[in-house]
Amino acid sequence: MRVSVVLPAYNAELYLAEAIDSVLSELDSRHELIVIDDGSTDATRDIMDRYGTRIVALSQPNTGTTRALNAGLARATGDIFGFQDGDDLWTPGRLDKQLAIFKRDSTVEAVLGLSQQFVSPDVPGHLREAFRPPEDILRGEGRTPMLIRREAFERIGAFDESFAIASVIDWFARARAAGLRSVMLEEVVLMRRLHQRNGGRVASEAQNAETLLALKKAIESRRRPR
């Protein structure tokens with residue numbers, strides 16, 4: 001199995017190297033990590049260039065995470081797709097554990113896992129308590145804790161570029177409707193960093209509005225006659 005991991009990055013200089021390193025530590029020469037600089041104005045591209053041929057480095061004008069994801073997937077050569085963000089961390093041993101499930105059961109189309117949230121060390125001390133999440137461990141549907149077979153992803157379709165923020169909600173609604181056969185690995189596969197520039201903090205109103213639109217679209221699609 002060849003795995004293609006797609007990482008969209010926009011002004012991600014603070015955490016990007018850690019995010020990339022956590023994925024590369026899981027990959028051998030069979031696999032690839034595709035990093036897409038979405039028109040960053042900071043040192044994101046400089047950090048990417050340090051990795052040379054260890055990553056596939058792409059750049060595009062700033063058009064948003066969803067389009068960056070689709071651009072990376074269009075370039076991917078693997079038969080398994082994985083995902084990463086520019087501020088999170090893959091956990092050691094994750095890849096082998098998730099791939100083992102695919103190898104044991106050819107009917108499994110996607111393998112998800114648990115995400116552990118943590119407050120980034122650079123969050124100032126007087127703000128740290130406010131950043132602590134109500135739950136340390138997240139389970140359920142998510143892009144970054146998932147590996148998915150290429151043919152299953154293509155059956156469901158690309159991320160909807162009309163959503164700049166909530167495309168994952170829309171995609172999983174379509175995945176359920178398409179009967180995606182997934183399993184949950186009861187282990188932490190992703191460390192989700194909480195920091196001052198998380199999208200939900202920077203653009204909370206836009207995120208809430210898009211989430212409602214994505215949920216509305218999912219409900220309406222269920223009501224349509226087949």
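What's the number of the condition residue 127 fails, among (1) more than 16 Å from the chain's Cα centre (by Cα); (2) over 26 Å from residue 31 (Cβ atoms); (3) not in a helix (DSSP H, G or I)?
(3)
Which one of the conditions (1) modelled with pLDDT under 95; (2) within 23 Å of residue 73 (Cβ to Cβ); (3) within 17 Å of the chain's Cα centre (by Cα) does residue 197 fail to meet, given that it meets all the rest?
(2)
Evaluate the following for residue 72: is it in a loop (DSSP other than H, G, I, E, B), at negative phi and within 14 Å of the chain's Cα centre (by Cα)?
no
Given the criteria more than 17 Å from the chain's Cα centre (by Cα), among the hydroxyl-bearing types (Ser, Thr, Tyr) and modelled with pLDDT of 95 or more, does residue 91 qualify? Before the answer, list the steps.
Working: more than 17 Å from the chain's Cα centre (by Cα): no; among the hydroxyl-bearing types (Ser, Thr, Tyr): yes; modelled with pLDDT of 95 or more: yes.
It is false that residue 91 is more than 17 Å from the chain's Cα centre (by Cα), among the hydroxyl-bearing types (Ser, Thr, Tyr) and modelled with pLDDT of 95 or more.
Scan the range 54-69 for residues that are farther than 14 Å from residue 165 by Cβ and assigned to a helix (DSSP H, G or I) and jot them down. Walk me through it before giving the result.
Within the range 54-69, the subset farther than 14 Å from residue 165 by Cβ is 54-62.
54 - this is the single residue of the range 54-69 that is farther than 14 Å from residue 165 by Cβ and assigned to a helix (DSSP H, G or I).
Name every residue in the range 1-60 that is free of Cβ contacts under 8 Å to residues at least 12 places away in the same chain and either crowded, with 19+ Cβ neighbours inside 10 Å or closer than 18 Å to residue 94 by Cα (or both), in order of residue number.
Answer for the range 1-60, where residues must be free of Cβ contacts under 8 Å to residues at least 12 places away in the same chain and either crowded, with 19+ Cβ neighbours inside 10 Å or closer than 18 Å to residue 94 by Cα (or both): 21, 28, 29.
So which pairs qualify, if the first residue must be in the range 135-149 and under 25 Å from residue 78 (Cβ atoms), the second must be assigned to a loop (DSSP other than H, G, I, E, B) and of a type in the set (D, E, K, R), the Cβ gap must be under 9 Å, and the two must be at least 6 apart or on different chains?
Every condition considered, the pairs that remain are 143/85; 144/85; 144/88; 145/139; 148/109; 149/79; 149/109.
Looking at (1) farther than 25 Å from residue 10 by Cβ; (2) in contact (Cβ under 8 Å) with a residue 40 or more places away in the chain; (3) basic (Lys, Arg), find the lone condition where residue 75 falls short.
(1)
Which of the residues spanning the range 96-150 are surrounded by 14 or more Cβ atoms within 10 Å (Cβ to Cβ) and acidic (Asp, Glu)?
109, 141
The values are calculated or read from the model by the stated rules, or taken from the named source; none is laboratory data. Values in this document were obtained by computation on a predicted structure and should not be read as measured data. Positions of Cβ are generated from backbone atoms using ideal geometry, with glycine treated the same way; all protein chains shown enter the neighbour counts.
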